[in-house]
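Below is one structure, written out as structure tokens, with a few remarks after it.
What follows draws every value from the coordinates through simple rules; no lab data is involved. A quick note: this is a predicted structure, and the numbers were derived from the prediction, not measured. Ideal geometry is used to build each Cβ from the backbone, glycine not excepted, and the neighbour counts take in all protein chains shown.
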Amino acid sequence: MKEMLLDFSFPKEREPIVLDTNIVLDVFVFADAATKPIKKALEAGELDWLATQAMRDELARVLDYPKIVTRLVFYQLSALDVLAAFDRHARLTEVAAKASLTCSDPDDQKFIDLAVVGQALLLSKDRHLLCMSKRLLAQGVRAQKAM
């Protein structure tokens, strides 16, 4: 399957986007070079990052994992720094109604639901989400890796 490349030449209006938790970590903790365009676009206000409280709660929980705490210390960050970045850039929305597509990982369903309702680009490295890219495209959602 040929992978679509991210297009960061955004139109004047803000492009709706849904970021899964691993992408959020790559942007705000690991400063992954491949996610620098995402961070730059968020900071410039070019993206409308859609999120729910459940997504923020998941991020807070993941930031408490010992492996992540170690990385936060290494990068001289705190969980509060990352959550503040989330709060600064994400637009919290209501929980989206369940989409007609079902993910094999129930923890990832919330990302699909919101992307479908918001007709948003869904960025993820999660194979459970990415394997649904053709079906999501039929629903008007591009799902792809940020890397």
In region 97-147, anything farther than 15 Å from THR52 by Cα and either among the basic types (Lys, Arg) or touching a His at 6+ places or on another chain (Cβ under 6 Å) (or both) is listed as CYS103, SER104, ASP105, LYS125, ARG127, LYS134, ARG135, ARG142, LYS145
Go through region 121-147 and report how many residues are among the aliphatic types (A, V, I, L, M), over 18 Å from ARG56 (Cβ atoms) and not in a helix (DSSP H, G or I). 6
Right, VAL73: among the aliphatic types (A, V, I, L, M), touching a helix residue (DSSP H, G or I) at 6+ places or on another chain (Cβ under 9 Å) and surrounded by fewer than 19 Cβ atoms within 10 Å (Cβ to Cβ) or not? no
